[in-house]
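Remarks on the structure that follows.
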Amino acid sequence: MKDSISVIIPTYNYGQFIADAVESALSQTVRPKEIVVVDDGSTDGTAEVIAAFGDQVRYIRQENQGVSAARNHGIAETTGDLIAFLDADDHWAPTKLEKQLAVFEADAEIGLVHCGMREFDSETGETICLHLDGGAGWVAEEIALWEKPVVVGPGGTIIVRRGVIKDVGGFDPQLKNGEDWEFCFRIASKYKIGFVPEPLVNYRNHNTNATKNVREMERSTLLAWGKVFSTGDNSIRILRRRSYGHLHKVLAGSYLQSGQYGGFLRNLVKSLWFRPSYLGYYLSLLVGRNGSKR
């Protein structure tokens, strides 16, 4: 007998996108046991959009508390053996659940299965890039190091055993960015990870993506990194300098791209303190920017 699957879709003011997400869950070749939308205090027409699906979808509304609290609320309200998360602005390929379920059934030690992802432009529908390089097996150290993708797009690609979530705990409500990375790390510390290297999730790139808020990204990711590296596991702790160096490099780049130069310089200095080898990267970056302005 196959495990049953609950689909949880957290949302906040994504009424313009959420019908695509729900329809993709309803169109799966393996029918989910239930689809639950957790509305995190939306002020748009989300409730009306979901009402049109009738009893195919359960709608739960909560006061605005963030995506982690919304996912945790969904976990508490569902009963499937496996829990699949889908962001409200993304949608799935029809065989996503079927192909990931097969990975679970092949190995009882696996606690989480993710898959590849197609990033597309919200306005044109054109593919921006494919993310197909994910990790599998015992990958906690790779996740902690964070130098390459390990769990691809965990907001919409992951399926997790309910018992695993009970074991490691849910999403941290303090985190608005990096919450899925930290959640996946806790799972990878105790369970094997499975991967389907196919673009089974369509990730919508638009100007309201959560990662566009760089200040909140910095606050949340630093909290997440602090949790991960507070471990007593020496195999993780020895990765701290490399991981923090890379994190501050990413934050510096995000601040630079958004034109917030104070944040760029602050994180540049921190990344160099952790990883002096990045000096050549920053020099070439600054020379390149200066050259492009001539």
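None of the figures in this text is laboratory data; all of them are computed from the coordinates on show. For clarity, every value in this text was computed on a predicted model and none was experimentally measured. Reconstructed Cβ throughout: ideal geometry from the backbone, glycine too, with neighbour counts over all protein chains shown.
Go through (i) 65, 53, 34; (ii) 69, 42, 35; (iii) 58, 42, 34 and flag the label whose value is the computed Cα extents along the principal axes in Å for this structure.
Checked against the structure: label (iii).
Report, to the nearest 10°, how far helix 240-257 tilts away from the longest principal axis of the Cα atoms in the chain, using its own Cα long axis and a range of 0 to 90°.
For 240-257 against the chain, the angle is about 90 degrees.
Simple spin-label model, 7 Å along Cα-to-Cβ: residue 237 to residue 286 in nm?
Computed distance between label sites residue 237 and residue 286 equals 3.5 nm.
Positive end of the dipole of the chain, charges at C-beta (+1 Lys, Arg; -1 Asp, Glu), about the Cα centre: which of 131, 29, 93 has its Cα farthest in that direction?
Looking along the dipole axis, the top candidate is 131.
Among the aspartates and glutamates, select those whose C-alpha is under 14 Å from the C-alpha of residue 33, and discard any that sit fewer than 8 residues away in the same chain.
3, 55, 77, 81, 98
Using the Cα centre of the range 211-292 as the reference point, and only Cβ charges (+1 on K/R, -1 on D/E), how large is the resulting charge dipole? Debye, rounded to the nearest 20.
Dipole size: approximately 100 debye.
With everything on Cα atoms, drop me the angle between helix 279-292 and the longest principal axis of the chain, reported from 0 to 90° to the nearest 10.
90 degrees
Pick out, from 222, 83, 158, the residue whose Cα sits farthest towards the positive end of the charge dipole of the chain, with +1 on the Cβ of Lys and Arg and -1 on the Cβ of Asp and Glu.
The listed residue farthest towards the positive side: 222.
Find how much the distance from residue 43 to residue 4 grows on full extension, using 0.36 nm per residue of separation minus their present alpha carbon separation; answer in nm with one decimal.
Result: 10.8 nm gained on full extension.
Rounded to the nearest 20 debye, what is the charge dipole size of the chain about its Cα centre when +1 sits on each Lys and Arg Cβ and -1 on each Asp and Glu Cβ?
For the chain, the charge dipole is close to 1520 debye.
What do you get for GluC sites (Glu not before Pro) in the range 125-231 restricted to DSSP loop and a cutoff of at most 13 other Cβ within 10 Å of the site's Cβ?
Here the sparse-neighbourhood loop sites are 126, 147.
Between residue 63 and residue 229, how many nm apart are label points set 7 Å from Cα along the C-beta direction?
Simple spin-label model gives 3.5 nm for this pair.
Using only the alpha-carbon atoms, how far is helix 179-188 inclined from the longest principal axis of the chain? Give it as 0 to 90 degrees, nearest 10.
That works out to roughly 80 degrees.
Rounded to the nearest 0.05, what FRET efficiency do residue 269 and residue 128 give with R0 = 35 Å and r taken as the Cβ-Cβ distance? Could you check?
Numbers: r = 31 Å, r/R0 = 0.90.
Approximately 0.65, to the nearest 0.05.
Return the ratio Rg/(2.2 N^0.38 Å) for the range 211-292, where Rg is computed over Cα atoms only.
1.17
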